[in-house]
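**Q** Encoded as structure tokens, here's the structure I'll be asking about.
The values are calculated or read from the model by the stated rules, or taken from the named source; none is laboratory data. Here the structure is a predicted model, which means the values were calculated and not measured. Cβ placement follows ideal geometry from the backbone for every residue including glycine, while neighbour counts extend to all protein chains displayed.
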Amino acid sequence: MQKLVLASNNAGKLREFQALLAPLNFEVIPQGLLGIPAAEEPHHTFVENALAKARHASALSGMPALADDSGICAHALHGEPGVYSARYAGENGNDQANNQKLIAALANHTNRGAHYVCALVMVQSEYDPEPLIVQTRWYGELVDHAKGDHGFGYDPHFFLPELKKTAAELDPAQKNQISHRGQALGELIARLHRRP
């Protein structure tokens, strides 16, 4: 079994990655278990932040690392909260506060279109000159009232018209098949199989 450091301490992300990577014989270890502090995320794009996090985790662990930077982009708000999704309501905000701020910001907008973004980066070492980089989107709409008990983040407000459910109403296995993170990981795995 190959060990892989996950450059995140987010329990929701850890559950999703462990479930998605277990069949491929990867043991996903959260960086916190290795005493690795969170990396700075000073960049304005998901890809740059994910790459910084992956290199940071690999440098401090000496192992391959996987990082994602993900968030939600509201079309009426020109892509906000974007890379600031996790701390939209402030550094000490939580999912509920972030959701409340986003729904309030959309109060006077009729365009409720939004998409989740996942930038996924895997490095073999800190200075890997060829990191595997994947970026995917998952489209939906933002609704005022939260529904569902699964998922995390903005999932209770992220409505999927074709399924007539929010992301938080989906069974976790179903979400993993169609979500931005599931799509990104599927693409990353396909590229890993093609890599010499």
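**Q** For the condition without any contact (Cβ under 8 Å) to a residue 60 or more places away in the chain, surrounded by fewer than 14 Cβ atoms within 10 Å (Cβ to Cβ), over 16 Å from the mean Cα position of the chain (by Cα) and closer than 17 Å to A19 by Cα, what is the one hit in D171, D144?
**A** So the residue among D171, D144 that is without any contact (Cβ under 8 Å) to a residue 60 or more places away in the chain, surrounded by fewer than 14 Cβ atoms within 10 Å (Cβ to Cβ), over 16 Å from the mean Cα position of the chain (by Cα) and closer than 17 Å to A19 by Cα is D171.
**Q** Could we say that L33 is in a helix (DSSP H, G or I), of a type outside the set (D, E) and in contact with a strand residue (DSSP E or B) (Cβ under 6 Å, 6 or more places away or on another chain) here?
**A** In short, no.
Rundown of residues vs (1) charged (D, E, K, R); (2) farther than 17 Å from A57 by Cβ; (3) free of Cβ contacts under 8 Å to residues at least 60 places away in the same chain, yes/no style:
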{"site": "N108", "(1), (2), (3)": "no, yes, yes"}
{"site": "A119", "(1), (2), (3)": "no, no, no"}
{"site": "E130", "(1), (2), (3)": "yes, yes, yes"}
{"site": "P156", "(1), (2), (3)": "no, yes, yes"}
{"site": "P161", "(1), (2), (3)": "no, yes, yes"}
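**Q** In this structure, is P37 under 20 Å from Q177 (Cβ atoms), surrounded by fewer than 19 Cβ atoms within 10 Å (Cβ to Cβ) and either more than 15 Å from the chain's Cα centre (by Cα) or at pLDDT 90 or above (or both)?
**A** When the stated conditions are applied, P37 does not pass them.
Each row is one residue, and each column tells you yes or no for (1) under 21 Å from S179 (Cβ atoms); (2) outside any helix (DSSP H, G or I); (3) of a type in the set (D, E, K, R).
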residue: A52; (1), (2), (3): no, no, no
residue: L66; (1), (2), (3): yes, yes, no
residue: D69; (1), (2), (3): yes, yes, yes
residue: A114; (1), (2), (3): yes, yes, no
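**Q** In addition: Identify the single condition in (1) modelled with pLDDT of 95 or more; (2) surrounded by fewer than 16 Cβ atoms within 10 Å (Cβ to Cβ) that A105 does not satisfy, given that it satisfies every other one.
**A** (2)
**Q** A further question follows. Got a number for residues in the range 144-170 being aromatic (F, W, Y) and part of a strand (DSSP E or B)?
**A** Number satisfying all stated conditions: 2.
**Q** Just checking, does the range 186-193 include any residue being among the acidic types (D, E) and surrounded by 20 or more Cβ atoms within 10 Å (Cβ to Cβ)?
**A** No: zero hits.
**Q** Also: So if I check each of L20, L77, L132, L106, which one is under 29 Å from P156 (Cα atoms) and within 17 Å of the chain's Cα centre (by Cα)?
**A** Result: L20 is the single residue among L20, L77, L132, L106 that is under 29 Å from P156 (Cα atoms) and within 17 Å of the chain's Cα centre (by Cα).
**Q** I'd like the residue in the range 83-106 that is hydrophobic (A, V, I, L, M, F, W, C) and either assigned to a strand (DSSP E or B) or free of Cβ contacts under 8 Å to residues at least 40 places away in the same chain (or both) and, out of all such residues, is nearest to L60 (Cα to Cα).
**A** Within the range 83-106, the match that is nearest to L60 (Cα to Cα) is A89.
**Q** Right, another one. Checking E126 against (1) within 22 Å of C73 (Cβ to Cβ); (2) assigned to a loop (DSSP other than H, G, I, E, B): exactly one of these is not met. Which one?
**A** So E126 meets the others, but not (1).
**Q** Sticking with this structure for a sec: Failed condition for S70, given (1) hydroxyl-bearing (S, T, Y); (2) modelled with pLDDT of 95 or more; (3) closer than 22 Å to L188 by Cβ; (4) within 19 Å of the chain's Cα centre (by Cα), with all others met?
**A** The single condition S70 does not satisfy is (2).
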